[in-house]
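Take a look at the structure set out below.
The values are calculated or read from the model by the stated rules, or taken from the named source; none is laboratory data. Fair warning: this is a prediction, and the values are worked out from it, not measured in the lab. Quick reminder, even Gly has a Cβ in these numbers, built from the backbone with ideal geometry, and neighbours come from all protein chains shown. Please note that ligands, DNA and RNA were not included when accessible areas were found on the heavy atoms of the full protein model with its side chains. Shrake-Rupley method; radii C 1.70, N 1.55, O 1.52, S 1.80 Å.
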Amino acid sequence: MTIDGFVKQLCEHCGVDPEVIDVQMEDQGDTIVVTLNLPEEDSGRFIGFHGETLESMQRVVRIIFSTEYPEKKILLNINNYREEREVKLKELTQTAAQRVLESGQPYRFQSYLPAHERFIIHSTLSELPDSDKLESVSEGDGKDRRLSIRLK
């Protein structure tokens, strides 16, 4: 079975009409990008809260196909969720940074953020004009890990 076939079959087992499932695979060298496009009414159950279900599906796909693609990273994206989430995280980082600069008080993200989302925030913060005055710090372990933006 192929990755795209597996993802399509998984969606069908979850009740999605096979006629509306579009799965594309693109080999980008060290990464295989699997793009799943579904009707909006179906996408939420596969993305989940802040992408948690999407991350779990991606993990399952990576485990199942790790022997077939041992040297490749597999990235699953649904309805361009990852791009939209990145834009939102960048906007949130800019807003939080401005708040911290104005109030002097740290801003703490309330929910757990996966490593790649924390990286987006760290990177965005480092590109801001006042980045020399701010720092982002991760505290805690596992699902209790929280990211804060504060004055240096």
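Annotations for the structure displayed:
- Segment 59-68, subset at pLDDT 95 or above and touching a helix residue (DSSP H, G or I) at 6+ places or on another chain (Cβ under 9 Å), residue surrounded by the most Cβ atoms within 10 Å (Cβ to Cβ): VAL61
- Some residue of segment 77-91 being closer than 29 Å to VAL34 by Cα, in contact (Cβ under 8 Å) with a residue 24 or more places away in the chain and among the β-branched types (Val, Ile, Thr): yes
- Selected residue [in contact (Cβ under 8 Å) with a residue 12 or more places away in the chain, within 30 Å of SER43 (Cα to Cα) and among the aromatic types (Phe, Trp, Tyr)] from TYR107, TYR112: TYR112
- So ILE32, is it surrounded by 18 or more Cβ atoms within 10 Å (Cβ to Cβ) and either assigned to a strand (DSSP E or B) or hydroxyl-bearing (Ser, Thr, Tyr) (or both): yes
- Members of segment 1-13 found to be of a type in the set (A, V, I, L, M, F, W, C) and within 22 Å of the chain's Cα centre (by Cα), listed by number: ILE3, PHE6, VAL7, LEU10, CYS11
- In segment 35-42, the count of residues that are under 23 Å from LEU92 (Cβ atoms), part of a helix (DSSP H, G or I), out of contact with any Ser or Thr (no Cβ under 8 Å at 6 or more places or on another chain) and free of Cβ contacts under 8 Å to residues at least 24 places away in the same chain is zero.
- Filter result for the condition that a residue is open to solvent by 50 Å² or more (accessible area, probe 1.4 Å) and in contact with an Asp or Glu (Cβ under 8 Å, 6 or more places away or on another chain), over GLU52, GLU40, GLU71, GLU84: GLU71
Results for (1) among the aliphatic types (A, V, I, L, M); (2) more than 25 Å from GLY15 (Cβ to Cβ); (3) at pLDDT 95 or above, shown as yes or no for each residue.
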residue: GLY48; (1), (2), (3): no, no, no
residue: TYR107; (1), (2), (3): no, yes, yes
residue: SER111; (1), (2), (3): no, yes, no
residue: THR124; (1), (2), (3): no, yes, yes
